[in-house]
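The values are calculated or read from the model by the stated rules, or taken from the named source; none is laboratory data. Note that the structure is predicted; figures quoted are calculated from it, not measured. When we count neighbours, we look across all protein chains shown, and the Cβ atoms used for this are built from the backbone with ideal geometry, even at glycine. All accessible areas refer to the heavy atoms of the entire protein, side chains included, with ligands and DNA or RNA removed. Shrake-Rupley method; radii C 1.70, N 1.55, O 1.52, S 1.80 Å.
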Amino acid sequence: MKTLYLKEQDTNSIKTAAEILKNGGLVAIPTETVYGLAANALDGDAVKKIFIAKGRPQDNPLIVHVSSLSEIEPLVESVDPRVYALAEKYWPGPLTVIMKKSALIPDEVSAGLETVAIRMPSHDGARKIISASGLPLAAPSANASGKPSPTKASHVIEDLDGKIDAVVDGGECSVGVESTVVTLVTTPPTLLRPGGITPEQLEDVLGSIQISPAVFEKLREGEKAESPGMKYKHYAPSAQVTIVKGSFENYKKFVLAQKGTVCAVCFEGEGKNFEKYIEYGKENDDISQAHHIFDALREVDAMGCESAFVRCPLSSGVGLAVYNRLLRSAAFRVIDLEFSIPVIGLTGQTGSGKTTVADILKNKGYHIVDTDILARKAVENPEVIALLTKRFGVDIINDGILDRRELARRAFASKDGTAALSAITHPEITRLAVEEIHTAEKCGAKAAVIDAALLFDSPLVAICEKNISVIADEKLRLERIMNRDSLSEKDALLRMGAQPPAEYYTEKADIIIDNNGLDLNGQLADF
Ligand code: TXA
Ligand code: MG
């Protein structure tokens with residue numbers, strides 16, 4: 001199918017779009033929030049095409065768009081009086097209200113639910129197209145399912161060219177995130193999705209409302225979504241996204257320590273500190289962050305980045321919507337870099353006695369973060385597994401279980417493979433480490449110690465205020481490894497040879513602990 005490109009201002013474009021809609025076709029239309037993929041909401045067959053074009057799960061209902069209040073009455077069981085009060089203040093605008101549906105709404109729109117979502121957009125183009133067609137229009141965001149929502153006509157074309165009848169270019173969407181979704185079917189009303197209208201604005205009209213837990217949390221397995229669209233991964237570029245909380249100083253140090261092709265998604269004026277970056281709005285301005293966020297997420301892929309680290313947006317006002325969308329694009333990976341206890345790195349060659357040092361520090365009330373354990377845990381995360389199978393082949397999974405040996409064999413066979421394995425696993429290992437430190441903090445640990453064999457190659461080095469290297473002579477280490485792991489001299493030497501040289505550990509360390517028989521407790525007396 002050839003997708004017709006129409007410019008909103010051109011004569012006849014509104015009429016052409018309306019004709020296509022009346023004939024059961026699909027048209028991407030501009031709205032003030034994001035572009036919508038519209039079809040006649042009263043025609044189940046037309047609506048079915050939306051799901052096919054987007055690759056959208058069948059169980060996710062659509063919003064019906066109207067251009068005046070009188071159009072709502074036939075679509076619902078009865079018009080809840082609170083709708084008039086909401087409309088008075090916020091319609092036309094970025095608000096969607098859920099009510100009990102009438103028999104006129106086909107199952108394809110409501111995805112089998114008893115309710116229907118209704119919105120009156122304020123964008124001039126959207127309003128003209130609805131009026132000209134004389135129809136209520138069912139329209140989800142006009143992106144391929146799972147991708148960031150489109151805020152420019154070019155985004156729609158990127159995802160849906162050749163799959164829909166037409167796109168009407170009405171310029172950049174002013175709000176930039178989707179509408180607020182509130183249901184009036186529950187008591188009190190429930191905010192299902194934050195958006196351009198804030199919870200405070202809703203409460204001004206509705207009194208107290210509740211916020212669905214799905215706004216902030218991942219649904220647990222088997223849990224039913226109040227709003228089916230709020231499921232696990234959404235709004236996501238191909239790159240792995242991580243939200244980073246904390247000061248710009250900490251963010252900068254952390255991002256600069258990352259490996260692979262990394263994109264810093266930061267605020268205006270901050271980008272110059274990074275090789276690859278995208279700025280999305282101003283630091284203390286939720287409106288500008290909302291306006292840019294989806295375009296920024298798309299740009300991450302256009303730049304070919306493997307991972308993106310996003311400065312945490314404001315989480316109040318419209319910022320709540322930005323944070324909610326980012327949480328989903330990051331599969332809920334948030335890293336908070338502000339610690340209230342010191343974080344210390346600990347490293348050393350095999351056989352140097354790193355573990356003995358860790359044990360002494362543990363006895364002094366330090367929490368030890370064992371990164372070997374975290375590396376194993378990281379590859380249990382479904383998102384990490386998906387990326388690993390994409391890179392190294394689906395057959396690294398056997399009977400549903402990751403074959404770690406086979407993964408290691410494939411990854412370590414080449415430099416590229418090794419780098420890819422790190423790029424895929426490091427964000428999750430880092431998240432787990434940071435989470436463990438915050439838990440230790442709450443449990444009263446005096447400090448946290450990150451125990452990592454290759455600390456100086458890990459992005460975790462960026463969160464350590466000091467680093468300790470444990471060293472010991474080669475002869476001693478050889479003896480220790482042979483005894484500890486019952487290895488032959490040859491095998492022990494092989495293992496030692498695979499590690500970086502002694503200078504790697506001494507050059508970058510702030511503190512060197514000599515474990516050649518000297519008193520360890522004495523050397524650690526200051527801790
Ligand atoms: O700003 C917007 O709302 C944009 C523009 C195009 O209007 N539309 C949009 O639609 O974001 P969509 O389909 O991407 O998101 C609609 C959300 C989904 O999370 C869906 O599950 C929820 O609204 N929804 C729709 N009908 C519902 C219903 N009856 N009950 C609960 N949730 C519903
Ligand atoms: Mg959507």
What angle, in degrees between 0 and 90 and rounded to the nearest 10, separates the Cα long axis of helix 415-442 from the longest principal axis of the Cα atoms of the chain?
-> 90
Under 13 Å from the Cβ of PHE267, count the other residues' Cβ atoms, weight Lys and Arg +1, Asp and Glu -1, and hand me the total.
-> -2
Cα-based shape type of segment 1-149, given that a ≥ b ≥ c are square roots of the gyration tensor eigenvalues and the cut on a/c is 1.5 | oblate
For segment 387-498, what is the per residue volume of the convex hull drawn over the alpha-carbon atoms, in cubic angstrom?
-> 173
Loop sites in segment 1-96: trypsin sites (Lys or Arg not before Pro), DSSP, at most 16 other Cβ within 10 Å = LYS2
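Would you mind calculating the relative contact order of segment 247-344 from Cα pairs under 8 angstrom and at least 6 residues apart, reporting the percent as a whole number?
Relative contact order here is 26 percent.
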Please get the size of the charge dipole for the chain, origin at its Cα centre, with Cβ charges of +1 on Lys and Arg and -1 on Asp and Glu, quoted in debye to the nearest 20.
-> 680
Can you give me the relative contact order of the chain as a percent, contacts being Cα pairs under 8 Å and 6 or more apart?
-> 13
√(5λ) per eigenvalue of the Cα gyration tensor, segment 200-350, largest first, Å | 28, 19, 17
Sticking with the crude label model, points 7 Å out along Cα→Cβ, report the distance from ARG409 to GLU114 in nm, one decimal please.
-> 5.7
Please go through segment 420-527 and write out the trypsin sites (Lys or Arg not before Pro) that DSSP classes as loop and that have at most 14 other C-beta atoms within 10 Å.
-> LYS446, LYS508
Taking K and R as +1 and D and E as -1, what net charge do the other residues with C-beta under 13 Å from the C-beta of PHE412 add up to?
-> +3
222 nm mean residue ellipticity, helices alone, for the chain (DSSP H n ≥ 4; -39,500 (n - 2.57); rounded to 500) | -11000 deg cm²/dmol
Quick one: pull the percent of accessible area on the chain belonging to carbon and sulfur, 1.4 Å probe, ligands and nucleic acids left out.
-> 50
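For the chain, give the share of DSSP beta bridges that are antiparallel, in percent and rounded to the nearest 5; count only bridges with both residues there.
Bridges in the chain are about 30 percent antiparallel.
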Accessible area per residue, 1.4 Å probe, Å², for the chain: what's the number?
-> 43
For ILE401 and ALA419 in one chain, what is 0.36 nm times their gap in residues minus the Cα-Cα distance, to one decimal in nm?
-> 4.2 nm
GluC sites (Glu not before Pro) restricted to DSSP loop in segment 1-102 with at most 13 other C-beta within 10 Å | GLU77
In µm²/s, what is D for the chain at 25 °C and 0.890 mPa s, where D = kT/(6 pi eta Rh) by Stokes-Einstein and Rh is the Kirkwood radius from Cα pairs?
-> 96
Helix 319-329 sits at what angle to the longest principal axis of the chain, using alpha carbons and giving 0 to 90 degrees rounded to 10?
-> 60
